[in-house]
Amino acid sequence: MFDKNKSIGLYVYPVNSEETDILIKASIKKHFSFDDDTFVRIARTPKGKPYVIAGERIFVSVTHSGEYCIIAVSTENVGVDLQIHDCMKNLTDVDVEKQLSKLSRRFFHQYEQSYISKCTKEHFFDVLCAKESYVKYTGEGIDDNFSVFSVVSPGIEKLSKNPDKASPGRLISGIVISLTSPLLPCKHRKLREL
């Protein structure tokens with residue numbers, strides 16, 4: 001039924017352009033070349049992850065940051081996250097370090113805390129973006145288990161790169177995007193809970 005089997009479409013919109021469900025339908029219509037989207041029904045899991053029923057199941061992930069909304073659509077499960085980290089631009093370096101340290105102790109695994117303590121604030125957002133992409137992929141969302149898993153391997157100075165551990169990329173300074181999907185060309189390894 002689909003023109004683009006086994007692919008991921010990423011669509012960027014201004015955050016205030018329209019409501020999310022309309023943007024999801026527009027993304028599906030573009031990606032799968034649907035002439036008519038009236039039969040596309042958007043549903044949500046109990047934790048709020050959107051998916052689409054349109055003859056076959058279409059997977060969707062949505063992220064908002066700053067002035068942007070990104071929607072990922074695929075025939076396979078997908079998770080996407082965007083982090084624009086200019087929210088701390090008015091803070092001093094000392095205040096930024098304190099805030100990020102406090103957040104990492106609350107939400108990050110010890111491996112991730114160790115990793116970002118040796119790096120710049122951009123690496124904090126790399127880790128956060130990868131973690132959020134992964135929990136959007138699993139549909140779990142941010143919960144009490146957010147610090148149980150790590151996207152950073154022990155003793156490693158860079159983020160893991162495999163389909164179960166999201167891999168972020170910096171587009172331009174201050175903007176990070178992460179995509180998690182089994183369709184990404186990476187060696188598959190099961191995520192370890194630590």
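The values are calculated or read from the model by the stated rules, or taken from the named source; none is laboratory data. From a predicted model like this one, the values you see are computed outputs, not experimental measurements. Positions of Cβ are backbone-derived with ideal geometry, glycine not excepted, and every protein chain shown enters the neighbour counts. Ligands, DNA and RNA are excluded from the accessible area calculation, which covers all protein heavy atoms including side chains. Shrake-Rupley method; radii C 1.70, N 1.55, O 1.52, S 1.80 Å.
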Scan the range 65-76 residue by residue and report those that are under 12 Å from the mean Cα position of the chain (by Cα) and at pLDDT 90 or above.
CYS69, ILE70, ILE71, ALA72
Taking strands (runs of 3 or more DSSP E) that do not extend beyond the range 55-132, which have at least 3 residues that are open to solvent by 80 Å² or more (accessible area, probe 1.4 Å), of a type outside the set (Ser, Thr, Tyr) and within 25 Å of PRO182 (Cβ to Cβ)?
56-65
For the range 39-49, indicate whether the set of residues that are in contact (Cβ under 8 Å) with a residue 60 or more places away in the chain, in a loop (DSSP other than H, G, I, E, B) and in contact with a Ser or Thr (Cβ under 8 Å, 6 or more places away or on another chain) is non-empty.
yes
Looking only at the range 10-30, decide whether some residue is aromatic (Phe, Trp, Tyr), at pLDDT below 90 and on the phi < 0 side of the Ramachandran plot.
no
So the check is Cβ under 7 Å with 6+ separation or different chains; which pairs have a first residue in the range 130-143 that's among the charged types (D, E, K, R) and a second one that's open to solvent by less than 10 Å² (accessible area, probe 1.4 Å)?
LYS131/PHE146; LYS131/VAL151; GLU132/ASP81; LYS136/SER61; LYS136/GLY79; LYS136/VAL80; LYS136/ASP81
